[in-house]
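Data block below; observations after.
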Ligand SMILES: Cc1cc2nc3c(=O)[nH]c(=O)nc-3n(C[C@H](O)[C@H](O)[C@H](O)COP(=O)(O)O)c2cc1C
């Protein structure tokens, strides 16, 4: 029987968007079998400290990655992951805020380092408008929750 690695990095409990979306993912996962789902809010343009601490436990030379003169080699094979990110602002490519996004590129780099190259991102950004009640949370999340369902079933 397959198991799902389910990591939530948001400290915001029931108010958390990324926790709500990983919960959606885990429910849909019962019909599929990807290897991992990560809910990772943006904190100061990067990831929350507990998520960094988790990664620091997982990334180990000789165990999850190797290195030689030709570069890094991931030692995990055939693993896939879905990463659900949330942020108050929006950092999409082409926007003036894009250069501040150290979240998605860093997550791609560390997962790729250990060999998890099949990674799908679901991005819940611009959430400050929801937080400050300028947009209705459920209305805003509807298309993103649909994307989470598709990601869980396709993985
Ligand atoms: C300590 C802290 C740092 C944050 N830093 C950023 C940031 O750099 N950029 C941003 O767009 N949002 C930032 N935010 C806002 C969160 O990314 C946003 O509220 C997100 O919805 C939180 O995810 P969650 O709902 O899953 O908890 C920060 C929030 C906290 C608590």
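The values are calculated or read from the model by the stated rules, or taken from the named source; none is laboratory data. Please read all numbers here as calculations on a predicted model, not as lab measurements. All Cβ positions, glycine included, derive from the backbone under ideal geometry; neighbour counts span all protein chains shown.
Taken residue by residue, segment 96-103 has at least one member that is surrounded by 19 or more Cβ atoms within 10 Å (Cβ to Cβ) and under 22 Å from residue 23 (Cβ atoms). Residue 110 meets all of the listed conditions (1) over 13 Å from residue 46 (Cβ atoms); (2) surrounded by fewer than 20 Cβ atoms within 10 Å (Cβ to Cβ) but one, namely (1).
Return yes when residue 10 is in contact with a strand residue (DSSP E or B) (Cβ under 6 Å, 6 or more places away or on another chain), more than 24 Å from residue 154 (Cα to Cα) and outside any strand (DSSP E or B) and no when it is not. In short, yes. Of 122, 67, 110, all but one fail to be touching a helix residue (DSSP H, G or I) at 6+ places or on another chain (Cβ under 6 Å) and either away from the ligand (no atom under 14 Å from the Cβ) or modelled with pLDDT under 95 (or both); the exception is 110. Checking each residue in segment 64-99 for being assigned to a strand (DSSP E or B) and farther than 14 Å from residue 123 by Cβ picks out 65, 66, 67, 68, 71, 72, 73, 74, 80, 81. Of the residues making up segment 115-136, those that are farther than 30 Å from residue 66 by Cα and in contact (Cβ under 8 Å) with a residue 12 or more places away in the chain are 123, 124, 125, 126, 127, 128, 130, 131. Residue count for segment 45-59 under the criterion of being more than 10 Å from the ligand (Cβ to nearest atom) and assigned to a helix (DSSP H, G or I): the result is 9.
Look at (1) more than 16 Å from the chain's Cα centre (by Cα); (2) surrounded by fewer than 18 Cβ atoms within 10 Å (Cβ to Cβ); (3) within 16 Å of the ligand (Cβ to nearest atom) and you find that residue 153 fails only one, number (3).
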